[in-house]
Amino acid sequence: MKQKLFIIAAILVFTVSAAACSAKNEGSASTAAAKTETTADADRTNDAGTAEADAADLSTGDSQEGEGTVTGVVEENKGFMITVVADDDEEAYVFTLDETQSEKYKDIKSGEKITVSYTNGLPTPDNLDTIVTDIQPAK
């Protein structure tokens, strides 16, 4: 009798876990669909052709495919990633490093002022494709 109850309880726990995981994936799909719709709306707006919007996109440098630099103070260097607090907006950016860069920049300490050159836009939770091209001491 106890064995039957244990088996039923185990099946119930498994079923609830599977249902919770499948519900989580459905939420991600709707979020992705909403982002796609927003991107499509932005494309239509740009196609309508306002020179001001195009100029604003170019001047920010924060576009997904943009290149740029961030100058700031190192908050943390874990070897595989460096967290930099930007001087401009006091925003913290986390730059991931590959194995070669990890070795090259391992001596950078917290509190040092550096300039990070990057491609593919600034690192954000929505943009994980940022590539660090160079890190130099700031002047």
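For segment 93-107, a residue qualifies if it is of a type in the set (Ser, Thr, Tyr) and either part of a strand (DSSP E or B) or not assigned by TED's automatic domain parsing to the domain that holds residue 122 (or both), and the qualifying residues are 93, 96. Every test in (1) surrounded by 15 or more Cβ atoms within 10 Å (Cβ to Cβ); (2) in a loop (DSSP other than H, G, I, E, B) is passed by residue 111 save one, and that test is (1). All conditions but one from (1) in contact with a helix residue (DSSP H, G or I) (Cβ under 7 Å, 6 or more places away or on another chain); (2) surrounded by 14 or more Cβ atoms within 10 Å (Cβ to Cβ); (3) modelled with pLDDT of 85 or more; (4) not β-branched (Val, Ile, Thr) apply to residue 77; the one that does not is (1).
Restricting the first member to segment 77-91 and to residues that are within 15 Å of residue 117 (Cβ to Cβ) and in contact (Cβ under 8 Å) with a residue 24 or more places away in the chain, and the second to residues that are of a type in the set (Phe, Trp, Tyr) and surrounded by 14 or more Cβ atoms within 10 Å (Cβ to Cβ), the beta-carbon pairs closer than 8 Å and six or more apart or on different chains are 82/95; 82/105; 84/93; 84/95.
Among the residues here, residue 83 qualifies as under 21 Å from the mean Cα position of the chain (by Cα), of a type in the set (Val, Ile, Thr) and modelled with pLDDT of 50 or more. The number of residues in segment 99-130 that are among the hydrophobic types (A, V, I, L, M, F, W, C) and at pLDDT 90 or above comes to 3. Identify, please: which residue in segment 86-133 is aromatic (Phe, Trp, Tyr) and more than 11 Å from the chain's Cα centre (by Cα) and is, among those, farthest from residue 70 (Cα to Cα)? Restricting to residues being aromatic (Phe, Trp, Tyr) and more than 11 Å from the chain's Cα centre (by Cα), the top hit is 105.
The values are calculated or read from the model by the stated rules, or taken from the named source; none is laboratory data. Small disclaimer: the values here were computed from a predicted structure and weren't measured. Because the Cβ atoms are built from the backbone with ideal geometry, glycine has one as well, and the counts that use them run over all protein chains shown.
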